[in-house]
Amino acid sequence: MAMTIHLDVVSAEEELFSGTVEEVIAPGIEGDIGILPRHSPLISQLRPGELKYKTSEGMESMFVSGGVLEVQPHMITVLSDTAIRAGDLDEQAATDARQRAEDALAGKDPEDMDYAKLQIELEAAKAQFEMFQRISKAR
Amino acid sequence: MASTKEIKTQIGSVKNTRKITKAMEMVAASKMRRAKERMAASRPYATKMQQVVSHVANGHLEYQHPYTQEREDVKRVGYIIVSTDRGLCGGLNTNLFKAALKSMAEWREKDVEVDIAVFGGKAASAFRRYGLVAEKTGMGDKPELSDMVGTIKVMLDAYEEGRIDRLFLVENQFISSLTQTPRVQQLIPIVASDEEEIKHHWDYLYEPESKEVIDALMQRYIESLIYQAAVENVGCEMSARMVAMKSASDNAGNLIDDLQLVYNKVRQAAITQEISEIVGGAAAV
């Protein structure tokens, strides 16, 4: 039987694969990386691409949208991103977040109407409740 | 004395309120189940990430990331607060904000200023008067990392540029459906965990440069912690709302019973009065 190594592929939202494999070919940022059991410790960034791994049933593959690959002699971990990331996209998101905070300070305040309304209704009902308790006690 | 009609309307309105709270209770219960599933689904990533980061922290690497370095002089600290978007979930947010304010007050006493970034509408409106550096609201029941990176990046940039010297995360911890506790956790500098000790001298092979890889890894690590907090927060929100709405429905039930008693009494009094008037009238004839 061929030598095997444990492979875990996880993304922030779910576990994608966990099991024993004979070989992994990962889409490294500078080119595909083939990893066999007892590889020396390696840490690499991944580019969006196809992650191939060989199980006892043959070659399988899945798409990863980038992330980080860690190799320890006894196991391989792929921390997959949930979305394709790019530096300038992150920058844009950061600017948006800052903008929202500033808008909010300037008084543009989008409140959740439904819940706010419900809350008022509940408050009103509570006030009525207390009033009626007073009435029924006074009797 | 209130008339029977008034009390009847009152009972009707309380019944309507109970309908609303009952419905909200059931919605929260089913959403909680889904939130719990999501919590379970995102756990492997967090555990694996933790493992890799502890390998990195315990290894003898050529490059030490700034997030692992303690800064002596703390002039300003950052807080990331993860709250719900909506209310009606008991004391969940209030307790969280109390914990946050307490921790901030300790820093302010030492003349350390505080920068705040928030997730969720409730924290946004509660902390607006302290001035927010970044915010993200309306993430819904399915928080997505891509919605959160922007706000996180604002704080990470602030740390890297030296505007803040420490970063904390304020989150709700889901202990059980009935118990949620607020927690203030230090994100940066990373508190090294000694769970897994690899003592012998080793280093990774890097691809590309060690700095780039470790930077990317650390950024994802912090993001994963905050994402986990957001997912957990939804679970907390739903279970807290379920409990709050259950007690509201129970209270409404008690109230209806009480009102029904009052109603019966008033009705009986009216009948008695009518009979005695008729009897009195008949006797007079």
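No lab work stands behind these numbers, since they all come straight from the coordinates. None of the values given here were measured: they were computed from a predicted structure. Here the Cβ is made from the backbone with ideal geometry for all residues, glycine too, and neighbour counts use every protein chain on show.
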Problem set entry | P(r), alpha carbons of the protein assembly as shown - 20 Å bins starting at zero, rounded % | 22, 43, 22, 9, 3, 1
Exercise. When a footprinting reagent is the concern and you count Cβ atoms within 10 Å, what order do B:T17, B:T47 take, fewest first?
Worked result: B:T47, B:T17
Seminar exercise, completed: Taking N as the residue count of segment B:13-63, its alpha carbon Rg divided by 2.2 N^0.38 Å gives 2.22
Exercise. Once you sort the root eigenvalues of the Cα gyration tensor of segment B:90-185 as a ≥ b ≥ c, which label holds: rounded (a/c under 1.5), prolate (a/b larger than b/c) or oblate (the other case)?
Worked result: oblate
Exercise. Relative contact order for chain B: what is it in percent, counting Cα pairs under 8 Å that are at least 6 residues apart?
Worked result: 33
For this session: Report, by chain and number, residues whose modeled amide H sits under 5 Å from the one on B:G138, excluding near sequence neighbours (fewer than 5 apart, same chain).
Result: B:G120, B:G121
Exercise. Share of antiparallel DSSP beta bridges in chain B, in percent to the nearest 5?
Worked result: 30
Exercise. What's the Cα-based Rg to Rh of segment B:127-285, Rh via Kirkwood?
Worked result: 1.43
Exercise. Among B:V149, B:V133, B:V118, which comes first, second and so on when ranked by fewest other beta-carbon atoms within 10 Å?
Worked result: B:V133, B:V149, B:V118
Seminar exercise, completed: Rounded to whole angstroms and listed largest first, the alpha-carbon spread of segment B:40-116 along its three principal axes comes to 48, 40, 14
Seminar exercise, completed: With Cα coordinates, the longest principal axis of chain B makes an angle with the long axis of helix B:92-109, in degrees rounded to 10, of 50
Seminar exercise, completed: Log10 I(q)/I(0) at q = 0.18, 0.19 Å⁻¹ for segment A:5-86, from Debye over equal alpha-carbon scatterers, is -0.65, -0.73
Problem set entry | Note, ³J(HN,Hα) from phi for segment B:248-258, Karplus 6.51, -1.76, 1.60, rounded to Hz, x at Gly and Pro | 5, 5, 4, 4, 4, x, 4, 4, 4, 4, 4
Problem set entry | Average projected area [Cα convex hull, chain B], square nanometres | 20.6
Exercise. Where the centre of each part is set by its Cα atoms, how far does segment B:116-139 sit from segment B:141-156, in angstrom?
Worked result: 13
For this session: Give me B:D257, B:D111, A:D96 ranked fewest to most by other Cβ atoms within 10 Å of their Cβ, as a rough exposure proxy.
Result: B:D111, B:D257, A:D96
Exercise. Segment A:18-79 to segment B:16-89: how many Å between their Cα centroids?
Worked result: 27
